[in-house]
Amino acid sequence: MVQARLVAQHKAIVAGQKETIGVAFHIPPGWHIYGRKVGDVGLATTVEWHLPDGFTSSKITWPPEESFTFEGTAGTGYTGDLLLPITITAPKNLESGEHLHFAAHAEWLVCKDICVPESTDLLLSLPVAATAQLGNDAALFDTPGRTAKPLAAFVLPDMHFWRAMIFAFIGGLILNLMPCVFPILSMKALGLIKKSHYDNRTHVIAGGIAYACGVIMSFWVLALALIALKSAGAAIGWGVQMQSPGFIAILAAVLLLIGLMLTDVIKIKNSFANFGGGAAARTDYIGTFCTGALAVLVATPCTAPFMGGAMFYAFTQSWPVTLLVFTALGLGLAAPYLLLTLYPPALKILPRPGQWMLTLKKVLAIPMFVAAIWLTWVFIQQISIQQASKNANAIPYSAARLDELRNAHQPVFVDMTAAWCITCIFNEKNALARKEVQDLFRKNHITYMIGDWTNRDGEITEFLREYGRVGVPLYVYFPADSGPVILPQILTTGILAKEISP
């Protein structure tokens, strides 16, 4: 109902200096929330701040409240757009380049014909710098308490721990349908058809558990590597390993090898795909474990819906919480295959083995070869430092250029993408590159700005973090005279037409 986000007056924190941050609310027309004090009815709005070590803060600056009548009872509170700011003072021992995370828990009661209690956890990340320029939301602080422009979007949903866990699990489930993972799951399904008719139940269940262990332990390895990079001060995010040309080359070689094995050009007994009919039980389980690890490996170019918010939450928490969220992601990815092995009635719907399996195996080699070719193209893109998009109407992303356009009240559409991001490529072909969408950009004088994250780029990483993301794609539309709008990770021409049309 009510949208809320954390905002800051400047783009960075300066050691020993004061900074103003606040919770910005957008209250729907006709609805109201209460202030810090209530009379006979209502519920006070509260904000609990969680600041980095060494920071001190003032109390919230509460603006004058409005009077209204609800159910025949007079009350006071707020309508429309509202900013509750505080002034924070940074310690003097901060180091430039360090990233600080600010959090707040807000609760309020929003009322119209009915009253609905709401709450949210909010996050904001700011770098430490020697000097700080005014940020994109600086205008909100011009009039204390009341926002100068509407808030069209908020950075994060209510991302409590359990919600993050649920989002990660759902994101893992959806990863099974992504083009980078589905062929691997299909190969395991073929192996399961053999097992369901020839192996005993113990072997089938053990294989399912081995696959799940391969998935989850691989996610743990990835999480621990990212935690280590974060501790060393590096900027991290989902898919950052794809920014390494060496990793891309290895992944392309692995997918090519799998394709050759599926077409029997190369025959390796007890391969990743486990098609060796006479495999010993122990080796078979190792192969199944490796297939789970492979599924995680090829999943890294994909970002599924629900994953973005969960991953941002994970990377801003302590390492045990990060591991738990990655575990939920792994359980989601492993769940379909694991369910087939643990639930006997599900196995009865599987067809009997036959010649069709050999044909399907060769068909599944096609996406492996396509993926290998695509990754080779990505590798060339990385070493030649070319733009991921060839859209002639786009300009490269620059924080300074974005600020310049926004200060001039020009509408801007920011597309954060990468050559190795399959979701990004799908959205570009299916929506962004279509003539009707490009015509809308031109008709409405919208500057189309592309941030290419194929290789590491600190400015793009900071933009992603500012809008609650740790990976691409990210699409943000900046109307001429209102706040930013964050679009879904899967785009259609209809969604774009709705958001960018006046």
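The values are calculated or read from the model by the stated rules, or taken from the named source; none is laboratory data. Since this is a predicted model, take the numbers as computed values, not measurements. Using ideal geometry, Cβ is built from the backbone for each residue, glycine included, and neighbour counts are taken over all protein chains shown. Just the protein is used for accessible areas: all its heavy atoms, side chains included, with ligands, DNA and RNA removed. Shrake-Rupley method; radii C 1.70, N 1.55, O 1.52, S 1.80 Å.
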- prompt: How much accessible surface does Phe306 have with a 1.4 Å probe, in Å² rounded to 10?
  reply: 90
- request: Please give the contour-minus-distance gain from Arg434 to His203: 0.36 nm per residue of separation, less the Cα-Cα distance, rounded to one decimal in nm.
  value: 78.1 nm
query: In terms of Cα to Cα distance under 15 Å, which aspartates and glutamates are near enough to Lys11, apart from those fewer than 8 places away along the same chain?
result: Glu19, Glu98, Asp137, Asp403, Glu404, Glu459, Glu462, Glu466
Aspartates and glutamates with Cα under 19 Å of Lys362, excluding same-chain neighbours fewer than 8 positions away: Asp264
query: So how do 482-491, 130-139 stack up, highest first, on mean other-Cβ count within 10 Å?
result: 482-491, 130-139
task: Could you rank the peptides 401-407, 333-339 by their average count of other C-beta atoms within 10 Å per residue, with the highest value first?
output: 333-339, 401-407
task: Please work out how much length the chain gains when fully extended from Asp53 to His409, using 0.36 nm per residue of separation minus the C-alpha to C-alpha distance, in nm with one decimal.
output: 124.4 nm
- prompt: What length, rounded to one decimal in nm, is gained on full extension from Leu342 through to Leu177, with 0.36 nm per residue of separation minus their alpha-carbon distance?
  reply: 57.3 nm
field: Packing rank of 411-417, 364-370, where each peptide gets the mean count of other beta carbons within 10 Å, highest leading
entry: 411-417, 364-370
- prompt: Simple spin-label model, 7 Å along Cα-to-Cβ: Ser398 to Ala253 in nm?
  reply: 3.9
statement: Between Thr46 and Lys92, the two model label points (7 Å from Cα along the beta-carbon direction) sit apart by a distance in nm of 3.6
query: Got a sec to turn the phi values of the stretch 58-67 into Karplus ³J(HN,Hα) couplings, 6.51 cos²θ - 1.76 cosθ + 1.60 with θ = phi - 60°, whole Hz, x for Gly and Pro?
result: 7, 7, 5, 8, 8, x, x, 8, 8, 9
task: Compute the whole-percent fraction of alpha carbon pairs in the stretch 378-502 spaced more than 24 Å apart.
output: 21
